[in-house]
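In what follows, a single structure is set out as structure tokens and then discussed.
The values are calculated or read from the model by the stated rules, or taken from the named source; none is laboratory data. A quick note: this is a predicted structure, and the numbers were derived from the prediction, not measured. Neighbour counts are summed over all protein chains in view; Cβ atoms, including those assigned to glycine, are modelled from backbone coordinates with ideal geometry.
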Amino acid sequence: MSNPNIEVLNDVTKTLIDSQKGYEKVCEVADENHGLRNKFKTLAYERSELVTAFQARVRDLGGEPETDGGAAGALHRGWADFTSLFLSDEKAALEAVDDGEDYLADRIDSKLESSGLDPETTELLKRAKNSARQGEKFADALT
């Protein structure tokens, strides 16, 4: 019998990993003096912490945690295109961040509707959703 907590956590973990990698990539291409670089570093770190927490919870539940991103996350964000966009058009890049964060939050919302989730899994999902909404607010404020 499968555990819905493990399935949901692993599914969201893939997107969190993609998000973390994307923010790390943006940090590599952002100008050292660019004011957004520190915020992108913070977002990458927050995603890293969430990935670690999600993976630990999956292990606690007896599952094997995801360690790679997923196709859906890669498709929703297109980070290779995003980094070149960042270099040429900051406003469009911030809109892409906004879209990515909205995608992540909506994905988590759909997972929160899953039946059989325990309180710890629900709390982790809410933390991740809050992080995505904060990233979205950041991007909205700058566009």
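Condition check ((1) closer than 13 Å to Glu46 by Cβ; (2) surrounded by 15 or more Cβ atoms within 10 Å (Cβ to Cβ)) across all residues:
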site	(1), (2)
Asp98	no, yes
Asp102	no, yes
Ala105	no, yes
Ser110	no, no
Ser115	no, no
Glu120	no, no
Leu125	no, yes
Ala132	yes, yes
Lys137	no, no
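Given the criterion without any contact (Cβ under 8 Å) to a residue 40 or more places away in the chain, closer than 14 Å to Leu124 by Cα and not polar (S, T, N, Q), identify the matching residue among Glu24, Glu49.
Residue meeting the stated conditions: Glu49.
I'd like to know if region 76-85 contains one or more residues that are more than 16 Å from Lys14 (Cα to Cα), hydroxyl-bearing (Ser, Thr, Tyr), part of a helix (DSSP H, G or I) and at pLDDT 95 or above.
Within region 76-85, none of the residues are more than 16 Å from Lys14 (Cα to Cα), hydroxyl-bearing (Ser, Thr, Tyr), part of a helix (DSSP H, G or I) and at pLDDT 95 or above.
Just give me the residues in region 98-121 being touching a Ser or Thr at 6+ places or on another chain (Cβ under 9 Å), modelled with pLDDT under 95 and not small (Gly, Ala, Ser), in sequence order.
Listed by number, the residues that qualify are Asp98, Glu101, Tyr103, Leu104, Arg107.
Taking region 101-134, which residues are closer than 23 Å to Tyr23 by Cβ, small (Gly, Ala, Ser) and over 11 Å from the mean Cα position of the chain (by Cα)?
The one that is closer than 23 Å to Tyr23 by Cβ, small (Gly, Ala, Ser) and over 11 Å from the mean Cα position of the chain (by Cα): Ser110.
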